[in-house]
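Quick note: the coordinates plus some simple rules give every number you see, no bench work behind them. As the structure is a computational prediction, the values presented were derived from the model and not from experiment. We place every Cβ from the backbone using ideal geometry, glycine too, and count neighbours over all the protein chains shown.
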Amino acid sequence: MPHLTTDDGLRLYYEEAGSGMPILFVHEFGGDFRSYEPQMRFFARRYRCVAFNARGYPPSEVPGDIARYSQDRARDDIKAVVEALALDRPHVVGVSMGAFATLHFGLQYSDRARSLVIGGCGYGAEPEKRAQFQAEAEATSRHFEVTPIAQAAAEYAQGPGRQHYREKDPRGFAEFARNLAEHSSIGSALTLRGVQSRRPSLYEMKDRLERLTVPTLIMCGDEDFSCLDPSVMLKRTIPSAALAIVPQTGHAVNVEEPALFNQLCDDFFHQVESGRWRIRRAGSSGRIL
């Protein structure tokens with residue numbers, strides 16, 4: 001199995017396919033590298049595609065110390081993959097938890113990314129919902145600790161953000177649930193506690209977001225209500241951002257609507273590579289009349 005080593009000495013599992021300009025895929029909490037199979041198959045025809053498992057997700061290493069989990073660690077693990085595999089300014093694609101890590105990577109290492117795709121980003125970010133989000137994350141973390149992984153995964157998979165996926169693609173949803181049941185209980189619990197519940201609110205980062213000029217595509221399902229308003233905020237704040245709202249779609253947009261997700265990414269990548277992606281000029285978003 002191919003592994004690479006992070007800056008703090010952890011082994012991360014990865015897979016790659018294709019050749020050419022690189023694309024790096026960063027998965028959500030409920031997924032893993034397999035979540036990007038529809039994208040790996042599509043883009044590997046023209047790109048070098050890499051997907052990896054975050055720390056805490058076997059066959060990547062699962063540290064038992066919460067100090068080894070944080071938003072900064074998740075950000076720097078992307079950097080570790082880029083460096084270990086010599087990826088020259090990849091397009092970095094993240095969904096949900098992976099979108100937060102991708103955004104932080106773009107903010108901290110803007111010269112390392114050709115573009116950013118931020119999908120389903122913003123759960124728990126709104127200031128008035130922070131306390132509720134952190135309480136929910138802690139409760140879910142405890143549940144993963146004390147409940148057999150098969151049961152905890154089955155219950156997590158039935159969350160409100162997954163209902164459209166379950167209804168429109170039962171086979172895909174069943175595959176998602178099976179994969180989730182193979183995750184690590186301790187890795188899931190510590191990821192929730194160390195990364196998710198402690199990450200800074202997007203709304204606290206507006207000053208940094210206003211200076212982000214890496215080409216950015218934000219995507220959100222119109223039924224992903226926890227991420228709709230944060231996605232609009234990101235669009236309004238990041239001068240290099242475009243926003244795509246995917247109709248009748250829940251949280252994990254890349255698996256729920258893979259063809260549309262791929263099409264939007266493909267067009268975005270071509271615009272960036274041809275130098276045609278535009279940065280919003282100051283004052284261009286004011287009054288029309």
Worksheet item: Gap in Å between the Cα centre of the range 123-175 and the Cα centre of the range 184-235?
Response: 16 Å
Worksheet item: Working out 0.36 nm times the residue gap between THR213 and GLN108, then minus their Cα-Cα distance, what length gain in nm do you get to one decimal?
Response: 36.6 nm
Worksheet item: What ³J(HN,Hα) values, in whole Hz, does the Karplus curve 6.51 cos²θ - 1.76 cosθ + 1.60 give for the range 255-262 when θ = phi - 60°, with x put for Gly and Pro?
Response: 9, 6, 10, x, 5, 5, 4, 5
Worksheet entry | Length-normalised contact order of the range 67-196 in % [C-alpha pairs under 8 Å, at least 6 apart] | 27 percent
Worksheet, complete the sentence: With a 22 Å threshold on alpha-carbon distance, the violating pairs from LYS206/LYS235; LYS129/LYS235; LYS168/LYS235 are LYS168/LYS235
Response to the item:
From fewest to most C-beta neighbours within 10 Å, the residues SER231, SER70 line up as SER70, SER231
Worksheet item: Over the range 1-158, what relative contact order in percent results from Cα pairs under 8 Å that are six or more residues apart?
Response: 21 percent
Discussion item. At a threshold of 8 angstrom on Cα-Cα distance, excluding pairs fewer than six apart, so keeping six or more, what relative contact order does the range 3-273 reach in percent?
Written reply: 21 percent
Practice prompt. Calculate the translational D of the chain in whole µm² s⁻¹ from Stokes-Einstein, where the hydrodynamic radius comes from the Kirkwood formula applied to all Cα pairs, the temperature is 20 °C and the viscosity 1.002 mPa s.
Written response: 113 µm²/s
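To the nearest 0.05, how large is the calculated FRET efficiency for THR147 and ARG281 if R₀ is 45 Å and r is the Cβ-Cβ distance?
Efficiency, rounded to the nearest 0.05: 0.30.
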Worksheet entry | Fraction of antiparallel bridges per DSSP, the range 6-130 only, in percent to nearest 5 | 20 percent
Worksheet item: What size of dipole, in debye to the nearest 20, comes out for the chain about its Cα centre when the only charges are +1 on Lys and Arg C-beta atoms and -1 on Asp and Glu C-beta atoms?
Response: 820 debye
Worksheet item: So for the range 3-273: antiparallel DSSP bridges make up what percent, rounded to the nearest 5?
Response: 25 percent
Worksheet entry | Helix-only CD estimate at 222 nm, as mean residue ellipticity for the chain, using -39500 (n - 2.57) per DSSP H run (n ≥ 4) | -12000 deg cm²/dmol
Practice prompt. Calculate the spin-label point distance for SER201 paired with ARG236, positioning each point 7 Å from the Cα along the beta-carbon direction, and give it in nanometres.
Written response: 1.5 nm
Response to the item:
When the charge dipole of the chain is computed with +1 on Lys and Arg Cβ and -1 on Asp and Glu Cβ about the Cα centre, the Cα farthest towards its positive end, among ALA150, SER110, SER19, belongs to SER110
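What longest region of the chain stays clear of trypsin sites (Lys or Arg not before Pro) that DSSP places outside H, G, I, E and B and that have at most 15 other Cβ atoms within 10 Å?
47-197
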